[in-house]
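Derivation of every value follows stated rules applied to the coordinates shown; laboratory data play no part. Just so it is clear, the model here is predicted, and its values are computed rather than measured. Backbone-built Cβ (ideal geometry, glycine too); neighbour counts: all protein chains shown.
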């Protein structure tokens, strides 16, 4: 079992890392987060639902995909963002994983 | 007020607010149900109340049960009513503004604590500002047309949120509507 790189100030390691990932990515969706965090989609979904219920995260449908981001209307959003940025500095693995993610546009039909 | 399948969202929301107050539970109505009360044209599927102070789950369940609402997960549902009631986590800020002073809204002899028209307008504008939700802008304009709102306070708050440009879009929509209405009267 890997030693935890960071603590779990938001209730569980998955919840904390989901929040940090959303801070780094601005927005993401269940499967992308599961891939980045190396967790099952159902575990990530459970964390997202809880965070959404707590008002920390907001989700909205874009086409058929539910896109999540930190809730810009959350009480203390600026402080939350600053804290998550601080945690992100200590989580080099997560920073590397998000940095490896290709998000720029790619014309439809163009081979990968 | 006896709630039934024919009850409107404003009637349900105010009956719930009155019931909670009777049980000594301070709860402020926010969100779409506030908009429904102030505009009388818009309707939502739920009534959101933010609880203030410490309230236990059994006390909340008991108060809601007297009105016929049963807890189903995070929400309260009524067998005859299509609207449900939720209690999203507090506190009750609008953007960075924590100094929200709710007021009483009344209907059919009942009263409930709710966001003021100005704060309900700001609440909708926050959705427009952060999510580009055009429906929220339309509703903010509708509230401002039907109720007395403090546009100066909205402007000042918007500037603090870094949303001056979008606020001016709101003001332009509002002014445009007023102009059109005046023309129609002539």
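What order do you get for A:61-68, B:144-151, B:98-105 when each peptide is scored by the mean count of other beta carbon atoms within 10 Å, highest first?
Details: A:61-68: 12.0, B:144-151: 16.2, B:98-105: 13.9.
The packing order, highest mean first, is B:144-151, B:98-105, A:61-68.
Helix A:41-53 and the long axis of chain A differ in direction by around 60°, with both axes built from C-alpha atoms. Ranked by the mean number of other Cβ atoms within 10 Å of their residues, highest first, the peptides B:115-126, B:83-94, B:157-168 fall in the order B:115-126, B:83-94, B:157-168. Size estimate for chain A follows the Kirkwood approach: the inverse of mean 1/r over distinct Cα pairs works out to 14.6 Å. The smallest convex shape that holds all Cα atoms of segment B:75-151, its convex hull, gives 140 Å³ per residue. Per residue, the average separation of C-alpha pairs within less than 8 Å and at least 6 apart gives chain B a relative contact order of 20 percent.
Exposure proxy check: B:41, A:16 ranked by fewest other beta carbons within 10 Å? Spell out each step's value before the answer.
Numbers: B:41 10, A:16 21.
In order of increasing Cβ crowding within 10 Å: B:41, A:16.
Helix B:9-22 sits at what angle to the longest principal axis of chain B, using alpha carbons and giving 0 to 90 degrees rounded to 10? Tilt relative to chain B: about 60 degrees.
Taken over segment B:1-87, the ratio of Cα radius of gyration to 2.2 N^0.38 Å equals 0.99. Taking only C-alpha pairs under 8 Å that are 6+ residues apart, what is the relative contact order of chain A in percent? Relative contact order of chain A: 29 percent. Computed over the protein assembly as shown, the convex hull of the alpha-carbon atoms projects to a mean area of 20.6 nm². Contact order for segment B:118-185, expressed relative to its length and based on alpha carbon pairs under 8 Å spaced 6+ residues apart, stands at 30 percent. For chain B, the extents of the C-alpha atoms along the principal axes are 50, 38, 26 Å, listed from largest to smallest.
Counting only alpha carbon atoms, the long axis of helix B:57-66 and the longest principal axis of chain B meet at about 90°.
Per-residue ellipticity at 222 nm, computed for chain B from helices alone with -39500 (n - 2.57) per DSSP H run of at least four residues, works out to -16000 deg cm²/dmol.
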